[in-house]
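The structure appears right after this line, and notes come after that.
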Amino acid sequence: MSIQPIIQAIKTYDTIIIHRHVRPDPDAYGSQAGLKEIIAQSFPDKNVYITGEQDPSLDFLATMDHLDDHTYENALVIVCDTANATRISDERYDLGDKLIKIDHHPVVDDYGDVAWVDTTASSTSEMIYDFYLTAKHEGFIISDEAARLLYAGIVGDTGRFLFPSTTKKTFQHAAELVTHHFDRSSLYDGIYCIKNNMAKLQGYVLQQFKLSESGLSSVKLTKALLDEYGVSPMETGQLVGVLGDIEGIKAWVLFIEEEDIIRVRLRSKGPVINGIAAKYNGGGHPMASGATVSTWEETDKVIKDLDEVCRNYEA
């Protein structure tokens, strides 16, 4: 899809509200807030907002705006980094006059009046920089703050440029973004620095994990265990990559018990897992996905499906 319809919509509307997915990560925040900064700096007279649940661990990136419902009247709404409508944070996204989807995940829902989806992009933040490179010819500008946010999103979704989604273009964009003035060391600390209780829970995971013959590892984190370590379910996102460097592992899954559901975080070093995520009320990338189940019995079914995928996988 051409970027031009998005540029034209942004030029047309005086009020623009930007959403992203629930349980946000640095790319969700980076693309959402980075796009806001680009628009706000380019068009100072426009009212530009970001909304959704506030994650305290990402306060170093941005703070969400608090909006009344009437703000959505005659507004342009843009949703970043969200494949399916049920995962959009703040359900008021459909109250605006026009809806645009910008995402790099495989398509789950064809929502929106305009949809720009690029599954070859490392991150939605990378796409927002692509957007800027086109839009700058029509007067759009990028500030140091926007560069900081987009760089954070790219770093977060590429695992510091280690994931296979990292391309030549990813490095080129990152190289251009770091010519702007922002503190990269502070940014890395914000993304990767962990508290003592989280470090101890990481130690527990590493001590308790087991690797099956198929190359699968699974870890179950009950609510009682999280309470014992003083870790909230939202904070467990920092644990997802902890098993990734273990020799012989093909895929791994973390089950995190919340109040009324069990969150499923799936990762892979080869086997395609997003089909399994879709089977259990989720979705995502072939190597990084999420899902939800209702009972611990269902988690055993997820493990069985993952084990089969790992057994059938040939590198």
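No lab work stands behind these numbers, since they all come straight from the coordinates. What you see is a predicted model; the values in this text were computed from it and never measured. Neighbour counts are summed over all protein chains in view; Cβ atoms, including those assigned to glycine, are modelled from backbone coordinates with ideal geometry.
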Between T292 and D227, what length comes free when the chain is fully extended (0.36 nm per residue of separation minus the Cα-Cα distance, one decimal in nm)?
21.4 nm
Mind checking the full-extension length gain between R160 and N312? Use 0.36 nm per residue of separation minus the Cα-Cα distance, one decimal, nm.
51.8 nm
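Compute the whole-percent fraction of alpha carbon pairs in segment 196-312 spaced more than 19 Å apart.
Counting every Cα pair in segment 196-312, those more than 19 Å apart make up 41 percent.
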From the helices alone, meaning DSSP H stretches of at least four residues, give me the mean residue ellipticity at 222 nm for the chain, per-run term -39500 (n - 2.57), in deg cm²/dmol to the nearest 500.
-11000 deg cm²/dmol
Length-normalised contact order of segment 196-312, Cα under 8 Å, at least 6 apart, in percent, tallies to 22 percent
Between E247 and D118, with labels modelled 7 Å along Cα→Cβ, what's the label distance in nm to one decimal, could you check?
4.0 nm
At a threshold of 8 angstrom on Cα-Cα distance, excluding pairs fewer than six apart, so keeping six or more, what relative contact order does segment 3-192 reach in percent?
25 percent
Assigning unit charges at the beta carbon (Lys, Arg +1; Asp, Glu -1) and nothing else, what dipole magnitude in debye, to the nearest 20, does segment 121-250 show about its Cα centre?
300 debye
Unit Cα scatterers, Debye sum, the chain: log10 I(q)/I(0) for q = 0.07, 0.08, 0.10, 0.15 Å⁻¹:
-0.28, -0.36, -0.57, -1.23
How big is the dipole moment of the chain about its Cα centre under a simple scheme where the beta carbon of each Lys and Arg is +1, that of each Asp and Glu is -1, and everything else is neutral? Debye, nearest 20, please.
1000 debye
What ranking do L99, L67 get, fewest neighbouring Cβ atoms within 10 angstrom at the top?
L67, L99
Tell me the label-point distance for the pair I194, N281, using the 7 Å Cα-to-Cβ offset, in nm and rounded to one decimal.
2.7 nm
Using a Förster distance of 25 angstrom, determine the FRET efficiency expected from the C-beta separation of T167 and Q4, and round it to 0.05.
0.60
Along the dipole axis of segment 3-192 (charges at Cβ: +1 for Lys and Arg, -1 for Asp and Glu; origin at the Cα centre), the most positive-end residue among S42, L133, L95 is L133
Under Stokes-Einstein, with the Kirkwood radius over Cα pairs standing in for Rh, what whole-number D in µm²/s applies to segment 1-48 at 10 °C and 1.306 mPa s?
137 µm²/s
P(r) of segment 36-156 in 5 Å steps, Cα pairs, percent per bin?
2, 10, 19, 23, 24, 17, 5, 0
Spin-label model distance (nm) - H66 vs K301, 7 Å beyond Cα toward Cβ
4.1 nm
